[in-house]
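To keep things clear, I will list the structure first and then write my remarks on it.
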Amino acid sequence: MRLPFIAKGCRPWLLLALLTAPAAARAQENPPAPGKAVADSLRPFVENRSLAGAVVLVASKDKVLCLEAVGYADVEAQSLMGTNYLFWIASMNKPITAAALMLLVDEGKVKLDDPVEKYLPEFKGLWLAAERDKEHVLLKRPKRPVTVRDLLRHTSGMPFASALERPTLDALPLRVAAGSYALTPLQYEPGSKYQYSNAGINTAGRIIEVVSGMSYEDFMQKRLFDPLGMKDTTFWPSAEQLKRLAKAYRPNAKGDGLVETKIGQLTYPLSDRRRQPMPAGGLFSTAGDVGRFCQMVLGGGTFAGKRYLSEAAVKEMTSRQTGEGIRESYGLGWATGGGTFGHGGAFATNMTIDPKRGLVLVFLVQHAGFSKEGARSLGAFHRAAVEQFGNAARNAPAEVEKGPRTVSRTCP
């Protein structure tokens, strides 16, 4: 039976309990643990139609403390969000690529302060645009070469993307994409400025390929995804995974509702392997998978008793790497500052690690922009999570529930 998105005078989760007996039966068999669900902090945004749905996770370095889903994966069909649903995590891919490169740094195969041209000869003799207008570009040589460190901290001088990466960002093989960056003049002196650059992170992904002798996607799968148990993290969602892919939304023209949209940066169908893996933002994943990666980083490079990265590598990644005089605080693949580090994605996904409290906070939604109310949803989740789990050590993990309630939960 199809339910209205909001029924006047009646909560949608109450309607669901009354009208869908199987779901009610499952709720009785697996009643939620006592206490208020963290996802309850997001319910008002679902009710006022500024948020379609979300999956949130809270973890310590050793335990998943909370995994919940709220709202809808498909608003029109009234399909409820599930805790195992996939999302395009976009630029949250950047810290994952940085971690992969740091595996090679730990092995002594890459040095952060080496020039990129040591690994990619096509980057020898780069030009810098000294002057530019509509009719001409004046070129000169940069004062120093671009380094591997520059790629990961967005101080390379490279633009966001090359002219060849249109209309989508997933059309070029990494070898070709890196070649197009090498042919594009730098926009500023390396190291002198912060400018967010997909091109820089993609070039780091190409270095992984050259140094490891493996394709970027194979390296990621064999060295990170499989060992960490990130079973749903992929550049190409399978037919089964597409059934669990949350639909993307944007605010309608009036700002009082949502309109379904597509991921304009990627080529459809998303399962087509002719699409190229993009180190700067091509991954799809689940909250559980992202949480495992973040737990490894929070654990100083260890997870479930196994070391993946050295403590020194994690410290490099998660400490400020942008120099004096640069306003932006960025590490190697991670945004830093205020005692936390993390990264967001183009469709409003976010992962934040709070070392002082010992917490991982994962917030997965699929929104190309918010109305004013929806923009507050991430902050509401963070406040609720810190309030309930600020002392992470006192909480224990719980069994993951996959029932189709408006709020699925595994929290105390």
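The values are calculated or read from the model by the stated rules, or taken from the named source; none is laboratory data. Values in this document were obtained by computation on a predicted structure and should not be read as measured data. Backbone-built Cβ (ideal geometry, glycine too); neighbour counts: all protein chains shown. The accessibility values were calculated without ligands, DNA or RNA, using every heavy atom of the protein model including side chains. Shrake-Rupley method; radii C 1.70, N 1.55, O 1.52, S 1.80 Å.
Test each condition in (1) part of a helix (DSSP H, G or I); (2) among the charged types (D, E, K, R); (3) farther than 30 Å from VAL58 by Cβ for LYS94 and report the one that comes out false. So the condition that LYS94 fails would be (3). One residue alone among LEU164, LEU138 is within 31 Å of the chain's Cα centre (by Cα) and more than 18 Å from THR322 (Cα to Cα), and that residue is LEU164.
Close contacts from region 72-94, counting a first residue that is touching a residue at least 40 places away in the same chain (Cβ under 8 Å) and a second that is open to solvent by 10 Å² or more (accessible area, probe 1.4 Å) and part of a helix (DSSP H, G or I), with Cβ to Cβ under 6 Å and a gap of 6+ residues or different chains, come to LEU86/GLN241. In region 343-380, of all residues being without any contact (Cβ under 8 Å) to a residue 60 or more places away in the chain and either touching a helix residue (DSSP H, G or I) at 6+ places or on another chain (Cβ under 9 Å) or among the charged types (D, E, K, R) (or both), the one that is least open to solvent (accessible area, probe 1.4 Å) corresponds to ILE353. Against the test of being under 30 Å from THR267 (Cβ atoms), among the hydrophobic types (A, V, I, L, M, F, W, C) and touching an Asp or Glu at 6+ places or on another chain (Cβ under 7 Å), the options PHE160, PHE123, PHE87 yield a single qualifying residue, PHE123.
For ILE326, are the conditions met, namely being in contact (Cβ under 8 Å) with a residue 12 or more places away in the chain and open to solvent by 10 Å² or more (accessible area, probe 1.4 Å)?
Working: in contact (Cβ under 8 Å) with a residue 12 or more places away in the chain: yes; open to solvent by 10 Å² or more (accessible area, probe 1.4 Å): yes.
Criteria met by ILE326.
Within region 260-297, the residues that satisfy the criterion of being closer than 21 Å to ILE201 by Cα, buried (at least 19 other Cβ atoms within 10 Å of the Cβ) and small (Gly, Ala, Ser) are ALA280, GLY281, GLY282, SER285. Just to verify a result, which residue in region 298-313, among those that are touching a helix residue (DSSP H, G or I) at 6+ places or on another chain (Cβ under 6 Å) and not in a loop (DSSP other than H, G, I, E, B), is most open to solvent (accessible area, probe 1.4 Å)? My answer is PHE303. Only one of the listed residues (PRO115, PRO159) is more than 30 Å from PRO227 (Cβ to Cβ), in contact with a strand residue (DSSP E or B) (Cβ under 8 Å, 6 or more places away or on another chain) and surrounded by 16 or more Cβ atoms within 10 Å (Cβ to Cβ). That residue is PRO115.
Listed here are the residues, each with its yes/no results for (1) in contact with a Leu (Cβ under 6 Å, 6 or more places away or on another chain); (2) modelled with pLDDT of 95 or more; (3) of a type outside the set (Val, Ile, Thr).
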site: GLY338; (1), (2), (3): no, no, yes
site: HIS343; (1), (2), (3): no, yes, yes
site: ILE353; (1), (2), (3): yes, yes, no
site: LEU359; (1), (2), (3): no, yes, yes
site: VAL362; (1), (2), (3): yes, yes, no
site: GLY379; (1), (2), (3): no, yes, yes
site: ARG383; (1), (2), (3): no, yes, yes
site: VAL386; (1), (2), (3): no, yes, no
site: GLU399; (1), (2), (3): no, no, yes
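Among the residues of region 80-112, just one is of a type in the set (Phe, Trp, Tyr) and open to solvent by 10 Å² or more (accessible area, probe 1.4 Å), namely TYR85. When restricted to residues that are over 16 Å from ILE96 (Cα atoms) and within 20 Å of the chain's Cα centre (by Cα), region 295-320 contains 1. Within region 47-72, if we keep just the residues that are open to solvent by 10 Å² or more (accessible area, probe 1.4 Å) and of a type in the set (A, V, I, L, M, F, W, C), the residue that is nearest to VAL362 (Cα to Cα) turns out to be LEU67.
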